[in-house]
Amino acid sequence: MTTAPAQARAGAGDGAQPARDELTSRLARHVLATRPEEIPPEARQRAVVRLVDALGCALAGHRAPAATQLLALAAGWGGRAEARILGTATALPSRTAAWAGSVLTRSFDFEPVSAEGPEGQEVAAHITGTTVPVALAEAERRGASGGALLDALVLADDLTARLAVGSGFDVYSGQDNTGTVNGIGATALAARLAGIGTDGLIDAWGIAVQQLGGSVAPIFDHAPAFCLPMAFAAQAGVTAVELAMIGYRGEDDPLGGRFGFLDRFCTEPRPDLMLERLGEVFCADRVVKPWSSCRASHPSLDAAARLHARGVRLEDASRIRVHVTPRTAAGFVGAPWAPGRTPEVDAAFSLRFTAAAALAYGTVRPEHLLAATDPALGAAAAAVEIVPSLAPGEYLTAEVEVLTHDGAIFRERVENPLGDRHHSPLTETQVEEKFLANAEFAGLTPRRARHALGLALDVPAASGVGPLLDALTLPEGPTSGEQTIPVQRRTP
C-alpha cells in the first residue's frame with residue numbers, strides 16, 4: 001500500500017481539488033448514465049479488437065504449466081453455476097470464472113497493455129486481462145447482449161485507463177497497478193451489467209478498495225504469481241457489486257475522499273487529468289502485443305526480429321549486444337539469464353532470452369517461451385550483452401548489434417516497437433492471425449478457431465455470449481505446457 005505524500009493529496013494543477021471532490025460522482029455517472037449512442041463507433045471497434053486479442057490469449061493460457069491444476073482448483077471451490085471459465089464448459093460463480101479467466105489471459109504476458117490518457121499520455125498497465133474476463137462472465141450470468149457487454153467494456157476500460165494515467169504510477173515503485181486500478185474498472189463493468197444505480201456503484205467501489213493490492217515482486221522473482229493481482233482485481237470487482245446489491249454499504253467517497261483510492265494507491269494523483277475530456281475521449285489499453293513477453297523487451301525483440309528478416313540468424317552470431325536505457329538494463333528484464341523453477345516466466349521477462357529467440361525464430365510466441373529450457377538457446381541467451389547506453393528518455397528504444405562469425409556487423413535500431421495503435425499498430429489481419437495462432441496452439445482446429453473468431457468479431461450484434469463461449473470451448477484432455485514443445489528453427 002502506498003500513501004500519497006501530503007503535498008500530492010490535492011494532485012497537481014489549479015483544478016485538482018475541485019476535481020478530487022467530484023471524482024467519484026462524475027465517474028460513477030459516466031459509467032452508468034452514458035447512453036449507447038454517446039459511445040463513438042471507433043471506441044467500440046477498438047474494444048472488439050481488445051476482446052478478440054484477450055480471448056486468444058486466454059485460450060493460449062490453457063497451455064501454461066500448472067494451468068490444468070489451477071482450473072481444477074477453481075472448479076473445486078464450487079458454488080452456483082453462473083458463468084463458464086473461458087475455454088471450458090465448467091460453470092462456476094461469476095467471480096471465480098472471472099478470476100480464472102484473468103489468470104489464463106495473463107499467463108504468457110501476451111494480452112493488451114499500456115493505458116493511454118485523454119491527451120495521448122501512456123503508463124504501464126494491463127487492463128484488458130481483467131476487464132474482458134469480467135465482461136464475459138457477467139454477461140453470461142446476466143444474459144446481457146453483445147452490445148451491452150461492449151458498452152460496459154468501453155466505459156470500464158476508459159475509467160481504468162484514466163485512473164492509471166492520473167495515478168502517478170511507476171512500475172518500479174513496488175506496487176502493481178493491475179491489482180488496484182483494475183479492481184475499480186472491474187467493479188464499474190460489473191455494476192453496469194448488473195444495472196445498479198449510482199449509489200450502488202459508489203458503495204461497490206467502497207467495498208472494492210478494501211480488497212485491492214499486489215506488488216511487482218513476482219515479476220522481479222520471475223514467478224507465475226505475477227498473474228494474480230489482475231485476477232484478484234477481477235474477483236474483487238464482481239464480489240463488490242454482489243455485496244452492494246444486497247445493500248451493503250461502502251465508504252462515502254471511495255475514490256477521492258480521505259483515505260480513499262487516491263490516498264491509498266496513488267503517489268502523485270491527478271484527478272483533473274482523470275476527468276479531462278470525460279465523455280469525449282475514450283481511453284483504454286493502447287498496445288496489442290505482437291510478441292509474447294514483457295513490453296519492456298519489445299524494442300530489442302523487434303530489432304532482433306528485423307535482423308532475422310534481413311537474414312541474420314542466431315547460429316551466425318558470435319556476439320550479440322542489446323543497447324537500452326540504464327533503467328531498462330537495471331530492471332527486471334535486464335537480469336542475467338538463469339532460468340529457475342518456471343523458465344517460461346523467466347523467458348517472458350528477459351531481454352537476453354527474447355533477443356536470442358527472435359534471432360532464432362523471427363518471433364516470440366508462447367511456444368517459444370515453453371522452449372526456454374533448450375540448451376543451445378539458453379547458452380545463446382546467457383551470452384547476450386546488455387549495454388545501458390541509451391538516453392533515459394528512450395525507454396521504448398533499443399538497438400541490437402550482431403557480430404557474425406565471419407566478422408560482419410549488423411545493427412538494427414527500433415524507436416517505436418510494433419503494436420502501439422498511435423505509432424505502429426498491428427493491422428486487423430495481424431490481430432486476427434494472432435488469435436487464430438493462439439486458438440490453434442490451445443487445441444482448436446483451424447475451422448473451429450475461425451468460427452470462434454467470426455463470433456468474436458460479431459459480438460456487437462450478438463443477442464448473448466453463449467454461442468461465442470461454446471465456440472471457445474477446448475477439447476477435453478491435458479492442455480498444460482508442462483512438457484516442452486519443440487520449436488523448429490527457420491532457415492534462410
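Computed from the coordinates by the stated procedures, all read-outs in this text should not be read as laboratory data. Here the structure is a predicted model, which is why all the values come from computation and not from measurement. With ideal geometry, Cβ positions are generated from the backbone for all residues, glycine too; neighbour counts draw on all protein chains shown.
Before moving on, here are some points about what is shown:
- Helical runs (DSSP H, four residues minimum) scored at -39500 (n - 2.57) apiece and divided by the length of the chain put the mean residue ellipticity at 222 nm at -14500 deg cm²/dmol.
- Listed candidates (1) 21, 50, 28, 2; (2) 26, 57, 17, 0; (3) 22, 55, 21, 1 - label of the one calculated as P(r) over Cα pairs in 20 Å bins from 0, in percent: (2)
- Per-peptide packing, taken as the mean over residues of other Cβ atoms within 10 Å, places 421-430, 335-344, 191-200 in the sequence 191-200, 335-344, 421-430 from highest down.
- Cβ charges +1 (Lys, Arg) and -1 (Asp, Glu), total dipole of the chain, debye: 720 debye
- Taking the longest Cα principal axis of the chain as reference, the axis of helix 298-309 is set at about 40 degrees.
- Residues whose placed amide H lies under 5 Å from that of D420, excluding near-sequence neighbours: none
- Here R411 and E433 are evaluated by their C-beta separation; at R0 = 35 Å the FRET efficiency comes out at 0.75.
- Computed from phi, the 3J(HN,Hα) profile of region 373-384 under the Karplus parametrisation 6.51, -1.76, 1.60 (θ = phi - 60°) reads 8, 4, x, 5, 5, x, 5, 5, 4, 5, 8, 5 Hz, with x in place of Gly and Pro.
- In plain terms, the chain from Y248 to R310 could stretch by 16.2 nm, reckoned as 0.36 nm per residue minus the Cα-Cα distance.
- The slack in the chain from A75 to A382, taken as 0.36 nm per residue of separation less the alpha-carbon distance, amounts to 106.5 nm.
- In order through region 83-89: 3J(HN,Hα) via Karplus (6.51 cos²θ - 1.76 cosθ + 1.60), integer Hz, x for Gly, Pro: 7, 8, 5, 3, x, 9, 9
- Förster radius 35 Å - calculated FRET efficiency between Y395 and R341, Cβ distance, rounded to 0.05: 0.75
- Solvent-free Debye calculation, one equal scatterer per alpha-carbon of region 217-357: log10 I(q)/I(0) at 0.14, 0.18 Å⁻¹ equals -0.91, -1.15.
- Segments 311-322, 224-235, 45-56 sorted - mean Cβ within 10 Å per residue, highest first: 224-235, 45-56, 311-322
- The slack in the chain from E42 to L403, taken as 0.36 nm per residue of separation less the alpha-carbon distance, amounts to 125.4 nm.
- Rg/Rh for region 6-287 (Cα atoms only, Rh after Kirkwood) is 0.94.
- Gap separating the Cα centres of region 398-416 and region 283-336, nearest whole Å: 12 Å
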